[in-house]
C-alpha cells in the first residue's frame with residue numbers, strides 16, 4: 001500500500017512539473033507577451049448615435065474614419081463600440097448611463113439628443129466626451145458658452161454645425177421668385193430643431209416669406225403634419241436639423257410629391273430620397289473632424305484647452321430627376337450645377353462633383 005502511495009505521489013509531482021513547464025513556456029512566448037500588452041493597452045471608445053438615418057450614418061462613418069486617421073483603428077490599438085438609440089430619448093438616456101458607468105476612455109456622440117443624454121449622465125463621472133453633428137451645442141443646455149469658445153465643461157469639447165438656413169431660403173427664392181408660403185414640420189423637444197426653426201423664422205421675416213409651422217413629438221405624426229401644411233396652401237416644405245422628422249423622410253417626401261409640392265432641406269443626402277435641393281454641411285466631413293479631435297483627446301490633449309467651434313463645410317445638392325414634376329415656377333440657377341457637390345441626374349443616378357470645395361458658413365449664420 002505504501003508503495004502505491006509513493007507511485008501516486010511521484011506521478012502527481014511529475015504532472016505538476018510538466019504543467020509548470022508548459023505555463024512557463026507559454027508565459028515566455030514573445031507572441032503571447034505582445035498580444036497581452038496589446039489587450040492591456042487597448043483604448044476603449046464608445047460612439048453613440050441617435051437614429052438610423054442617412055445623415056447620422058454618414059456621421060458615424062466619418063467619426064470612425066477620423067479616429068483611424070488620428071491613430072485609433074478599431075481592432076488594432078483600440079476597441080470601439082457603437083450604440084444606437086433608434087430615435088428614442090429614453091433609450092439614449094439608458095445608453096448614456098451604461099457608458100459613463102463603464103471604463104471607456106472616451107465617448108463620442110453623433111447628434112444633439114445623444115450629446116444631451118451623455119452630458120446629463122456624465123456630470124459626476126466626467127468621462128472624456130467629444131461631440132459632433134450637433135446643430136447648436138451652445139443652445140443645448142450642456143454648459144457650452146456662446147460667447148467664449150473655451151467656456152465649457154473641462155472634460156467635454158466638440159464642433160457645432162449651425163445650418164445655413166438663411167442661405168437655403170435665399171436659394172429657394174432664387175429657384176422660385178414667386179414663393180410666398182413655406183411649411184415646416186418640427187419637434188419642439190429637439191434643441192437642434194428649435195435652433196433651426198428660429199433661424200428659419202428670422203430668415204423668412206427678412207425675406208418676406210410666410211413660414212407655416214406644424215409640430216410633432218414622434219415620427220409617426222410627420223405625415224399627418226405634412227398633410228396639414230398642404231391643406232394650408234403651402235407652396236413648398238422645408239426641413240432643417242430634426243432627427244424625428246428625418247426618421248420619416250421617405251413618407252414625408254411621398255406626401256409632398258403626391259401634392260406636387262417640393263421639399264428643400266439642410267441635409268444634402270436628402271436628394272437621394274427625393275428632396276428637390278438641399279444646402280447644408282458635409283456631415284461626413286464634420287464628423288471626420290470630430291473623430292480627429294477625439295484622437296487628439298485620446299493622445300492626451302485636454303478637452304479643456306480645445307475651443308468649441310462652428311464647423312460647416314457647406315454642400316449644395318440638386319435633384320434634376322424630380323425637378324420636371326413640379327411647377328415651371330421652380331428652376332435651378334444657371335451656375336447651380338457647377339457649384340453642387342452632388343446631383344441626381346435626370347435618369348436618377350447620383351453624380352458626385354469632386355471639384356467642388358467646401359466653404360465656411362456665412363458670418364450671419366455663425
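Taken together, the values in this text are just the output of simple stated rules run on the coordinates, not laboratory data. Note that this is a predicted model, so its numbers are computed, not measured. Cβ sites come from the backbone with ideal geometry, for glycine too, and all protein chains shown count toward neighbours.
Rounded if a/c is under 1.5, else prolate if a/b is larger than b/c, else oblate: which is region 215-340, with a ≥ b ≥ c the root eigenvalues of its Cα gyration tensor? Mind dumping the intermediate values first?
Details: a/c = 3.27, a/b = 1.73, b/c = 1.89.
Oblate is the answer for region 215-340, as a/c is 1.5 or above yet b/c matches or exceeds a/b.
What's the angle, to the nearest 10 degrees (0 to 90), between helix 2-28's Cα axis and the longest principal axis of the chain?
Result, in degrees: 40.
With 10 angstrom as the radius, rank 314, 206, 328, 97 by how many other C-beta atoms surround their C-beta, starting from the fewest. Please list the in-between numbers first.
Details: 314 24, 206 12, 328 7, 97 16.
The most exposed by this proxy come first: 328, 206, 97, 314.
Hey, what angle do you get for helix 283-298 against the long axis of the chain, alpha-carbon based, 0 to 90 degrees rounded to 10?
30 degrees
Between the helical axis of 191-207 and the dominant principal axis of the chain, each derived from Cα atoms, what acute angle in degrees is found, rounded to the nearest 10?
Result, in degrees: 20.
Which order do 330, 238 fall in if you start with the one that has the fewest other Cβ atoms within 10 Å?
330, 238
Using Cα-Cα distances under 8 Å and only pairs 6 or more residues apart, what relative contact order does the chain have, in percent? Kindly include the intermediate steps, with their values, before the conclusion.
Details: 727 pairs, mean separation 65.7, N = 366.
Reported as a whole number, the value is 18 percent.
Where is the GNM fluctuation largest for the chain (alpha-carbon springs, 10 angstrom cutoff): 131, 72, 332?
Top of the fluctuation ranking is 332.
Please work out whether region 173-286 counts as rounded, prolate or oblate from its C-alpha gyration tensor, where a ≥ b ≥ c are the square roots of the eigenvalues and a/c under 1.5 means rounded, while otherwise a/b larger than b/c means prolate and anything else oblate? Don't jump to the answer; show the numbers that get you there.
Working: a/c = 1.18, a/b = 1.08, b/c = 1.09.
Since a/c stays below 1.5, the shape of region 173-286 is classed as rounded.
Dividing the Cα convex hull volume of region 121-249 by residue count, how many Å³ per residue is that? Can you show the working numbers first?
Details: hull volume 14.4 nm³, N = 129.
Each residue corresponds to 112 Å³ of Cα convex hull volume.
In whole angstrom, how far apart do the alpha carbon centroids of region 163-182 and region 60-83 sit?
38 Å
Rounded to the nearest 500 deg cm²/dmol, what is the calculated helix-only ellipticity per residue at 222 nm for the chain, with -39500 (n - 2.57) per DSSP H run of length n ≥ 4?
-12500 deg cm²/dmol
Under 1.5 on a/c is rounded, so check that first for the chain, then, if it is not, pick prolate when a/b is larger than b/c and oblate when it is not; a ≥ b ≥ c are the square roots of the alpha carbon gyration tensor eigenvalues.
Details: a/c = 2.63, a/b = 2.43, b/c = 1.08.
Note, shape of the chain comes out prolate.
For a quick check: sort 165, 216 by the number of other beta carbons within 10 angstrom, fewest at the front.
On the way: 165 27, 216 22.
Neighbour counts put them in this order, fewest first: 216, 165.
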